[in-house]
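The values are calculated or read from the model by the stated rules, or taken from the named source; none is laboratory data. None of the values given here were measured: they were computed from a predicted structure. In this analysis, Cβ positions are derived from the backbone assuming ideal geometry, glycine residues included, and neighbour counts consider all displayed protein chains.
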Amino acid sequence: MAFSAAVSLEQGIPQLEAVLKQYFGHDGFRPGQREIVEQVLQGQDQLILMPTGGGKSLTYQLPALLLPGLTIVVSPLIALMQDQVERLQDNGIAATYVNSSLTPGQRTQREQAALQGRIKLLYVAPERLLSESFLPLLDQIQARVGLSLLAIDEAHCVSEWGHDFRPEYRQLARVRERYPGLPALALTATATERVRQDILSQLRLEDPHVHIASFNRPNLYYEVRAKHKDSYAELVHLLRQQPDAAVIIYCQSRKSVEFLSERLNRDGISALPYHAGLSGEQRAEHQSRFIRDDVPVLVATVAFGMGIGKPDVRAVIHYELPRNLEGYYQESGRAGRDSQTAQCILFFSPGDRAKVEYLITQKPDEQEQRIARQQLNQVMAYAESTTCRRRIQLSYFGETLQIGNCKNCDNCLRPLPLEDRTIHAQKFLSCVARCRERFGMRHIIDVLRGANTQQIRRHGHEKLSTYGIGQDQTVEEWQRLGRALLHQNLLEEATDGYSILKLNEGSWQVLRQQLQVQVAIPISAATPRLEESGPVQALDVDSEGLFQHLRALRKRLADDLGVPPYGVFPDTSLRAMAQQRPDSQTQFAQIPGVGTRKLEAYSAVFTQAIRAYCEAYDLPLGLMPELGRALGSGPIIGSTNTVASSPSLTQKLTLELYQQGLSLEEIAQQRQLKARTIADHLASLIEAGEISDLERLVSPDRHEVILATFKKLGSEALTPVRECLGEQYTYDEIRFVRALHHRSS
């Protein structure tokens with residue numbers, strides 16, 4: 001069978017928004033997503049860079065539904081596959097994975113389903129994809145149902161310059177050779193220019209469309225705190241501020257992870273450790289308990305996180321120094337994937353450098369050591385810098401922050417005091433010049449401090465005028481100054497693994513005394529910054545109470561279903577419910593994240609919970625955004641073009657009894673359900689057009705009075721109408737009238 005990945009514009013493009021809402025519950029695309037999806041449907045190779053939480057997965061999951069045949073998704077971790085497949089299946093999408101966690105029988109069953117065309121997305125690891133047994137299976141799938149797309153997730157693993165290099169990824173070009181017409185989509189959240197070029201070359205992408213989204217995550221607050229004897233108390237204070245919030249704490253070693261998690265538990269904070277020294281069963285259990293909100297805090301090495309899609313992590317805390325900026329960006333980016341405010345805090349001590357340098361010396365390859373040391377220097381510069389944290393991170397990926405102050409990092413919100421270091425900067429830059437811009441920072445500092453090294457003697461640098469003129473400063477102080485010059489763009493560094501320092505125009509302005517150099521007083525010596533971290537986007541008191549009520553309901557449902565709570569709904573959906581308080585199926589359909597599957601599964605239980613809570617605390621219902629005009633002059637407020645879904649099985653049973661002439665109370669008694677549940681069924685059936693005559697539920701004269709009150713108030717909220725009409729009218733009567741006019745509008 002020939003490849004048929006491309007979909008004509010007439011067939012594919014007009015469906016996009018409808019498919020997006022039906023399967024993913026989103027009303028619109030995020031920036032860049034639609035263009036990428038359109039390119040996929042036209043069979044174009046692509047390289048996609050989007051930050052964590054930016055919506056990469058949707059760019060291949062959605063077109064996979066429209067394309068003929070099977071989409072193969074290359075994914076590096078079992079946890080990552082399982083998480084994504086669970087979410088897809090929960091949205092009614094035919095997806096599965098094949099990996100080592102399956103029994104031979106389970107694997108055969110899934111492979112047969114793919115061969116029979118019953119699967120749209122198949123997740124595999126690169127090792128399995130390239131195995132002698134799996135490639136012939138792909139040949140059969142291609143012959144029977146066709147292959148439509150090769151999606152390569154975590155594509156930075158292709159490059160040895162990436163922070164998670166995996167040699168197997170470099171062999172994926174074999175798949176491109178085997179299926180030369182198969183379009184490929186390479187996706188990653190982090191990649192420098194060098195890594196991007198490596199991906200394009202290694203995967204042999206043909207005339208690719210390259211999409212580079214902004215690496216800026218404006219919802220994340222970045223802060224570096226001095227690490228000292230009271231830092232543990234600060235950490236505990238941070239955790240107790242949000243006792244139920246999901247938090248990841250990263251440490252460098254297994255020993256640190258175990259020690260910190262045990263100490264937190266002794267102090268009443270529920271925490272679990274995660275590191276490579278635990279058994280596979282222990283790691284899986286700890287990860288599962290964290291994802292399912294059984295435990296709020298996970299203390300981990302960098303072994304944790306790559307396969308985690310948990311959207312509601314409210315803080316990522318690095319209690320020890322990360323190894324490189326790229327890894328730090330990805331690890332801290334596991335916070336706030338739901339676009340809500342989150343904190344990224346690094347506890348920094350210059351002494352942590354020695355621990356990382358020890359790990360670097362364990363690398364067998366000299367080139368790898370050079371790269372790692374250069375990356376460590378960049379992390380140290382980030383931690384000690386007084387410039388905007390966000391600006392430094394974006395600059396690392398070749399992006400420029402367009403505003404002067406990000407207003408969401410410690411350096412922008414609470415700048416450290418500065419001191420004039422112009423004289424020392426001139427000495428440093430002069431030494432770089434006299435060494436002919438051929439050496440790295442360590443050698444320059446050795447010359448300044450008058451060291452007697454073999455390299456200095458070999459090059460005759462003990463004869464330079466700058467030799468020994470910097471003995472008044474420690475090595476650490478010179479390193480801090482050198483990194484400050486780099487971040488202020490007053491000095492440059494080669495990017496090929498050899499940390500060679502180069503002068504630029506800014507350097508010469510300092511040397512000519514045309515520019516002063518201001519450097520922050522070291523964070524360990526400055527006044528501790530103990531203010532609350534970053535702006536907090538809080539709900540009002542009433543909405544916050546309902547939000548917590550809905551979180552508890554979500555947890556019960558998730559535990560019953562055996563899925564993570566965010567598999568039911570993410571926090572963003574619950575927050576919208578708490579603020580808008582939907583009171584009907586039509587209103588519930590407008591909540592972000594509610595697609596057709598979730599509308600059928602959850603609208604009744606959540607609207608019932610919202611209604612009960614609002615009645616108990618005397619809160620107004622139906623505070624939906626005004627998407628239309630007042631009732632009587634056009635579409636009812638809050639209505640959309642959403643077509644009500646077909647009645648569920650339980651609603652159909654209620655409908656059958658209603659059509660037999662039973663009253664609401666009689667139906668409730670016969671079905672052994674609450675009258676409120678039956679009323680909810682009837683309202684949904686009215687909206688769906690299954691019940692068109694309200695006379696048995698609401699008398700015509702009362703119907704007219706209720707309708708007139710809706711028009712008078714210009715709102716569809718139930719509570720104001722009930723307050724206007726008085727207690728002689730029931731909430732159910734008002735709901736039924738509104739439901740009928742939802743349908744007719």
Problem set entry | Selection within the range 25-72 - buried (at least 21 other Cβ atoms within 10 Å of the Cβ), at pLDDT below 90 and more than 16 Å from the chain's Cα centre (by Cα) | G25
For this session: May I ask you to verify whether D732 is assigned to a helix (DSSP H, G or I), crowded, with 21+ Cβ neighbours inside 10 Å and in contact with a helix residue (DSSP H, G or I) (Cβ under 9 Å, 6 or more places away or on another chain)?
Result: no
Exercise. Looking at (1) closer than 27 Å to A245 by Cβ; (2) crowded, with 20+ Cβ neighbours inside 10 Å; (3) free of Cβ contacts under 8 Å to residues at least 40 places away in the same chain, which is the only condition C412 fails?
Worked result: (2)
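For every residue, the table says whether it meets (1) at pLDDT 80 or above; (2) surrounded by fewer than 18 Cβ atoms within 10 Å (Cβ to Cβ); (3) farther than 30 Å from D542 by Cβ.
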| site | (1), (2), (3) |
| --- | --- |
| G638 | no, no, no |
| A644 | no, no, no |
| R676 | no, yes, no |
| D680 | no, no, no |
| S699 | yes, yes, yes |
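Quick grid of which residues meet (1) of a type in the set (K, R); (2) assigned to a helix (DSSP H, G or I); (3) within 24 Å of the chain's Cα centre (by Cα):
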{"position": "R128", "(1), (2), (3)": "yes, yes, no"}
{"position": "L135", "(1), (2), (3)": "no, yes, no"}
{"position": "D139", "(1), (2), (3)": "no, yes, no"}
{"position": "Q142", "(1), (2), (3)": "no, yes, no"}
{"position": "S148", "(1), (2), (3)": "no, no, no"}
{"position": "A151", "(1), (2), (3)": "no, no, yes"}
{"position": "R174", "(1), (2), (3)": "yes, yes, no"}
{"position": "L187", "(1), (2), (3)": "no, no, yes"}
{"position": "T190", "(1), (2), (3)": "no, no, yes"}
Exercise. Taking the range 328-379, which residues are in a helix (DSSP H, G or I), among the acidic types (D, E) and buried (at least 16 other Cβ atoms within 10 Å of the Cβ)?
Worked result: E331, D352
For this session: Identify, from the list G181, G146, G117, G162, the residue that is among the small types (G, A, S), farther than 20 Å from L77 by Cα and at pLDDT below 90.
Result: G181
Problem set entry | Residue, farthest from Q580 (Cα to Cα), within the range 684-730, restricted to residues that are touching a residue at least 40 places away in the same chain (Cβ under 8 Å) and of a type in the set (S, T, Y) | S692
Exercise. How many of the residues making up the range 251-266 are among the hydroxyl-bearing types (S, T, Y), surrounded by 16 or more Cβ atoms within 10 Å (Cβ to Cβ) and closer than 11 Å to E320 by Cα?
Worked result: 1
Exercise. Out of all the residues in the range 449-467, is one or more surrounded by 13 or more Cβ atoms within 10 Å (Cβ to Cβ) and under 16 Å from S507 (Cα atoms)?
Worked result: no
For this session: Would you check if K363 is on the phi < 0 side of the Ramachandran plot, free of Cβ contacts under 8 Å to residues at least 60 places away in the same chain and either touching a Leu at 6+ places or on another chain (Cβ under 7 Å) or not hydroxyl-bearing (S, T, Y) (or both)?
Result: yes
For this session: Kindly provide the set of residues from the range 84-127 that are more than 18 Å from V145 (Cβ to Cβ), of a type in the set (D, E, K, R) and crowded, with 19+ Cβ neighbours inside 10 Å, ordered by number.
Result: R87
For this session: Kindly establish whether L631 is within 27 Å of L725 (Cα to Cα), buried (at least 19 other Cβ atoms within 10 Å of the Cβ) and modelled with pLDDT of 65 or more.
Result: no
For this session: Go through the residues of the range 426-443 one by one and say whether even a single one is out of contact with any Leu (no Cβ under 8 Å at 6 or more places or on another chain) and surrounded by 20 or more Cβ atoms within 10 Å (Cβ to Cβ).
Result: yes
For this session: Answer yes or no: is there a residue in the range 386-394 that is in contact with a Ser or Thr (Cβ under 7 Å, 6 or more places away or on another chain), crowded, with 21+ Cβ neighbours inside 10 Å and under 12 Å from E326 (Cβ atoms).
Result: no
Problem set entry | Only one of G714, G661, G689 that is more than 45 Å from the chain's Cα centre (by Cα), small (G, A, S) and in the same structural domain as C614 (by TED's automatic domain parsing) | G661
Problem set entry | Qualifying residues in the range 384-421 (those that are among the β-branched types (V, I, T) and either assigned by TED's automatic domain parsing to the domain that holds V195 or part of a loop (DSSP other than H, G, I, E, B) (or both)) - the one farthest from the chain's Cα centre (by Cα) | T386
For this session: Under 6 Å between Cβ atoms, at least 6 apart or on separate chains: pull out the pairs that start in the range 101-128 with a residue that is in the same structural domain as L67 (by TED's automatic domain parsing) and end on any residue that is among the small types (G, A, S).
Result: I119/A94; I119/A113; K120/A64; K120/A94; L121/A64; L121/A95; L122/A114; Y123/S75
Problem set entry | Single residue of the range 515-544 satisfying the filter (farther than 30 Å from E86 by Cβ and part of a helix (DSSP H, G or I)) that is modelled with the lowest pLDDT | V541
